[in-house]
Amino acid sequence: MKRVYNFSAGPSMLPTAVLEKAQQELLGYQSSGMSVMELSHRSSLYTEVITQAEQLLRDLMNIPDNYKVLFIQGGASQQFAMVPMNLLTGSGKVDIVNTGSWSKKAIKEAKKYGQVRVIASSEDKNFTYIPHVDRSMFDPEADYVHITTNNTIEGTAFREIPDTGKVPLVADMSSNILSEEIDVSKFGLIYAGAQKNIGPAGLTVVIIREDLIGKASETCPTMLDYKTHSNSGSLYNTPPTFAIYMAKLVFEWLTNRGGIAAMEKINEEKANLLYDYIDGSAFYESPVQKDSRSIMTIPFVIPARDLDATFISHAQANGLETLKGHRSVGGMRASIYNAMPIEGVHALVDFMKEFEDQNS
Ligand SMILES: *Cc1c(COP(=O)(O)O)cnc(C)c1O
């Protein structure tokens with residue numbers, strides 16, 4: 001089976017070794033005589049799976065003991081509502097940094113539950129940079145501050161995590177969790193949909209400081225209260241068992257490759273390869289300001305002529321899939337998450353050179 005290089009923003013590539021391991025174990029997981037998909041979520045074998053998944057993630061990210069790891073459903077989009085339902089219950093005020101389409105959705109949803117202040121925005125330049133934020137801008141009374149660390153559509157990323165003082169910092173890390181080392185203790189809550197850099201769709205990971213659990217209002221639905229998932233070890237109801245198992249395999253793969261520090265080095269190397277080529281070329285251009293560039297999400301355009309559709313179809317014919325930019329931005333976008341091997345980025349750059357030669 002020939003596998004393509006898939007540059008999709010999500011669901012995205014999974015490591016081949018992980019898929020092979022899942023294939024080996026698909027019909028019979030260990031001694032059970034059944035697939036993980038068929039195992040009771042209360043069985044001892046499955047308890048091992050979910051416990052190990054959590055421990056591996058804790059070790060990879062150095063998650064402090066006063067944080068809970070929750071495996072839930074509903075995607076990152078559900079967190080846009082769940083975060084305010086659980087945290088916007090003190091002063092009812094929240095400060096949000098608007099860095100793109102996903103931030104806007106977080107803002108829209110939070111407005112249903114309290115008073116939202118957009119303290120900085122890059123909308124004036126089509127979200128091509130990360131606006132300056134510092135401590136003096138935050139309302140000390142706010143229940144939390146919300147940022148989107150990596151903007152999956154626009155290709156920007158916070159290179160530095162803002163210091164919010166005593167106000168808890170909440171981060172949508174869907175498209176850059178596990179891509180670089182971060183200090184979890186700087187955050188009150190981190191959430192990420194799994195389908196970008198963790199595993200298959202259907203799972204959402206929430207990392208939450210314990211003192212932020214139990215603040216939801218009386219009317220908060222049980223399933224949307226972090227306390228429910230925290231008190232039950234993410235087993236209040238049936239969790240997405242197979243997605244958690246796959247995430248565990250990905251965490252093992254990351255651990256075997258040297259953990260996040262090692263991945264960060266490779267990710268930077270991959271991003272530099274692509275950016276160095278784009279910056280050196282008179283044919284392609286990056287819409288993103290240099291100091292705000294993501295190492296996971298790399299959009300690029302061909303300014304001279306409308307060649308996007310040709311580029312995308314020729315790339316596809318060369319085994320380079322899903323390079324079309326998001327409809328709100330246009331152009332091309334290469335998502336190069338952990339599972340994209342450096343060979344894939346070399347293949348993309350080689351193709352881009354060839355395409356440039358043929359069309360300029
Ligand atoms: C993909 C993505 C989302 C939406 O995730 P779903 O799991 O599809 O709800 C939200 N935020 C960011 C930053 C994303 O990349």
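With the charge dipole of the chain set up from +1 on Lys and Arg Cβ and -1 on Asp and Glu Cβ about the Cα centre, the Cα lying farthest toward the positive end among the listed residues Tyr29, Pro240, Ala317 is that of Pro240. In the chain, Rg over Rh equals 0.98, where Rg is the alpha-carbon radius of gyration and Rh the Kirkwood radius from pairwise Cα distances.
Evaluate the distance, in nm, between pseudo-label points positioned 7 Å from the Cα of Arg135 and of Asp183 along their respective Cα→Cβ axes. Taking the two extended label points, one gets 1.2 nm.
Using a Gaussian network model of the chain with C-alpha springs under 10 Å, which one of Ile207, Ile298, Ile119 is most mobile by mean-square fluctuation? Of Ile207, Ile298, Ile119, the most mobile in the Gaussian network model is Ile119. Restricting the calculation to Cα atoms, region 259-359 shows an Rg/Rh of 0.94 when the hydrodynamic-style radius is the Kirkwood one. The alpha-carbon atoms of region 1-79, seen along their principal axes, cover 45, 36, 25 angstrom, with the largest extent given first. Build a GNM of the chain with springs between Cα atoms under 10 Å apart, and of Ser286, Ser77, Ser32 the one that fluctuates most is Ser32. The Cα-based radius of gyration and maximum Cα-Cα distance (Dmax) for region 142-254 are 14.9, 41 Å. The modelled label-to-label distance for the pair Asn231/Glu269, using points 7 Å beyond Cα in the direction of Cβ, is 4.9 nm.
Before anything else, pin down the relative contact order of the chain: Cα pairs under 8 Å, at least 6 apart, normalised by residue count, whole percent. Could the numbers behind the result be given before it?
Details: 669 pairs, mean separation 82.8, N = 360.
Relative contact order for the chain comes out at 23 percent.
The label point for Glu48 and the one for Lys93, both projected 7 Å from the Cα toward the Cβ, are 5.3 nm apart. Taking the Cα centre of the chain as origin and assigning +1 to Lys and Arg Cβ atoms and -1 to Asp and Glu Cβ atoms, the resulting dipole is close to 780 debye. Distance from the alpha carbon centroid of region 244-301 to that of region 116-163 works out to 21 angstrom.
Applying a length cut-off of 15 Å (Cα extent along the axis) and a mean Kyte-Doolittle floor of -0.5 to the DSSP H helices of the chain leaves 44-61, 75-87, 241-256, 259-280, 342-359.
Values in this text are rule-based calculations from the coordinates and carry no lab data. Here the structure is a predicted model, which means the values were calculated and not measured. Virtual Cβ from ideal backbone geometry, glycine too; neighbours counted across all protein chains shown.
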